[in-house]
Amino acid sequence: MMRTPFEVPMDGLPDRVTIYEVGPRDGLQNESAIVPAGVKAEFLARLAEAGLTTIEATSFVHPKWVPQLADAEELLTRMERVPGVRYPVLVPNERGLDRALDHGVTDIAIFGSATETFARRNLNRSVDGSIEMFTPVVARALENGLDVRAYLSMCFGDPWEGPVPVEQVVRHGRRLLDLGCSQLSLGDTIGVGTPGHVTALLAAFAEAGVGPERLAVHFHDTYGQALANTLSALRAGVTVVDASTGGIGGCPFAKSATGNLATEDLVWMLSGLGVETGVDLESLVATSVWLAGELGRPSPSRVVQALAAESPGRRNVTQVPAEVPPAVEEE
Ligand code: HMG
Ligand code: MG
């Protein structure tokens, strides 16, 4: 039996948290080599099998901007869709929406920026220009019965502009919600946030009329703060947390964006707190061990490393075995 944390509940937390899994998109978009669509399809199937119910599958962005996800059409054609599981995709513009609609997508996510510099680097537009780009996307998606989530990046700090004032984040976040998005995910793209900053940002949103039921949090673990920041967000009433299985990921357009909060680290903490997620930790760890073999490098997740090392008969993820052929194709 795999080790599990001793359960000791804590006051002021939700009973249940929905994990919004971003590994196949945010994780794989940052791999230096291209992962074959068959491996991506298996990754999606394993995540659903582990009990995740929202799994961001890929992006319909410009294939030259993110070649790692240029196989979005192929993936959507060959992947298995498990009933009850949602598979959102990133869509920046109308061209991306057309591609998504052609492939039966029901959930999309637009992705804005709290800073001008990142808007230009990630979307080739100003913040105003990106809102103009998103407006018809959201309108048409809603007309077609799709659900639209919005991300806001650089909510805590920006590698070019430094600390980002909470008022600026709230202003830009509200603009995205006002387009008609059902949820706003607050991205700490470079992982510089700390727990008090999270509390202050969520309080500023509440003050502006945006309660935690409309918000999600998206932490990167660059400075080891992702779990502490998550706990802060849960205490403020947030119940949707983004995470990436194995802790893979980052953003190719943001200097110093390293891995996302690992789903396994999140599930370990939440089960210790007695908060329901519906996710089976053992199968997630097995998935990360498998993925590490496919990617040819170990998972950065502390929980994966600890559990994979102690499980009898389980391959140690910190040592990618020589017999596993690298499934990644060199460009
Ligand atoms: P652009 O170059 O300004 O595009 O890029 P354009 O509108 O000028 O169009 C130029 C050409 O690209 C046209 O073709 C379009 O049809 C084509 P032409 O007429 O010249 O032959 N084109 C497309 N083709 C396929 N799919 C499309 C598409 N759009 C245009 N969707 C664009 C603008 C937004 C497309 C580009 O900047 C882009 O793709 N950016 C995406 C960057 C990205 O994916 N970043 C990573 C995700 S964000 C993130 O990681 C943060 C997050 O995780 C949260 C956090 O951590 O903070 C979400
Ligand atoms: Mg991210």
Exactly one of SER113, SER32 is open to solvent by less than 20 Å² (accessible area, probe 1.4 Å) and within 19 Å of the chain's Cα centre (by Cα), and that one is SER113
Out of (1) under 22 Å from ASP107 (Cα atoms); (2) out of contact with any Lys or Arg (no Cβ under 6 Å at 6 or more places or on another chain); (3) not aliphatic (A, V, I, L, M), the one GLN183 does not meet is (2)
A careful count of residues in segment 260-295 that are open to solvent by 20 Å² or more (accessible area, probe 1.4 Å) and either small (Gly, Ala, Ser) or within 16 Å of ligand 1 (Cβ to nearest atom) (or both) gives 5
Any residue at all in segment 80-98 that's surrounded by 17 or more Cβ atoms within 10 Å (Cβ to Cβ), farther than 20 Å from ALA286 by Cβ and of a type in the set (Val, Ile, Thr)?
yes
| query | Quick check, is ARG25 touching a residue at least 24 places away in the same chain (Cβ under 8 Å), basic (Lys, Arg), open to solvent by 10 Å² or more (accessible area, probe 1.4 Å) and touching a helix residue (DSSP H, G or I) at 6+ places or on another chain (Cβ under 6 Å)? | reply | no
Within segment 227-268, residues free of Cβ contacts under 8 Å to residues at least 40 places away in the same chain, under 21 Å from GLN183 (Cβ atoms) and of a type in the set (Gly, Ala, Ser) come out as SER232, ALA233, ALA236
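Based on what the data block shows, is SER182 under 20 Å from the mean Cα position of the chain (by Cα) and open to solvent by 50 Å² or more (accessible area, probe 1.4 Å)?
Yes; evaluated as a whole, the condition is true for this residue.
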- Task: Considering every residue within segment 6-18, establish whether at least one is in contact (Cβ under 8 Å) with a residue 24 or more places away in the chain and buried (at least 19 other Cβ atoms within 10 Å of the Cβ).
- Result: yes
In the set GLY193, GLY209, the lone residue that is in a loop (DSSP other than H, G, I, E, B), surrounded by fewer than 22 Cβ atoms within 10 Å (Cβ to Cβ) and at pLDDT 95 or above is GLY209
Of the residues in segment 141-160, those that are of a type in the set (D, E, K, R) and within 14 Å of ligand 1 (Cβ to nearest atom) come to ARG149, ASP158
Do we have any residue at all in segment 232-239 that's under 15 Å from the mean Cα position of the chain (by Cα), more than 16 Å from ligand 1 (Cβ to nearest atom), within 26 Å of ALA203 (Cα to Cα) and outside any helix (DSSP H, G or I)?
yes
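Could you please let me know if ASP71 is charged (D, E, K, R) and open to solvent by 80 Å² or more (accessible area, probe 1.4 Å)?
no
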Only unsatisfied item for SER59, checking (1) open to solvent by less than 10 Å² (accessible area, probe 1.4 Å); (2) of a type in the set (S, T, N, Q); (3) free of Cβ contacts under 8 Å to residues at least 12 places away in the same chain, is (3)
The residue that is farthest from HIS172 (Cα to Cα), considering only those in segment 122-155 that are open to solvent by 10 Å² or more (accessible area, probe 1.4 Å) and within 14 Å of ligand 2 (Cβ to nearest atom), is ASN122
Exception for ARG86 within (1) free of Cβ contacts under 8 Å to residues at least 60 places away in the same chain; (2) basic (Lys, Arg); (3) under 23 Å from VAL267 (Cβ atoms) falls at (1)
When ARG235 is run through (1) surrounded by fewer than 22 Cβ atoms within 10 Å (Cβ to Cβ); (2) under 21 Å from ILE34 (Cα atoms), the failure sits at (2)
Subset of segment 10-42, residues in a loop (DSSP other than H, G, I, E, B) and farther than 12 Å from LEU234 by Cβ, comes to VAL22, GLU31, SER32, ALA33, VAL35, PRO36
Taking segment 43-59 and keeping residues assigned to a loop (DSSP other than H, G, I, E, B) and in contact with a strand residue (DSSP E or B) (Cβ under 6 Å, 6 or more places away or on another chain) leaves LEU52, ALA57
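The values are calculated or read from the model by the stated rules, or taken from the named source; none is laboratory data. As the structure is a computational prediction, the values presented were derived from the model and not from experiment. As a convention, Cβ positions derive from the backbone with ideal geometry for all residues, glycine included, and neighbour counts pool all protein chains shown. Ligands, DNA and RNA are excluded from the accessible area calculation, which covers all protein heavy atoms including side chains. Shrake-Rupley method; radii C 1.70, N 1.55, O 1.52, S 1.80 Å.
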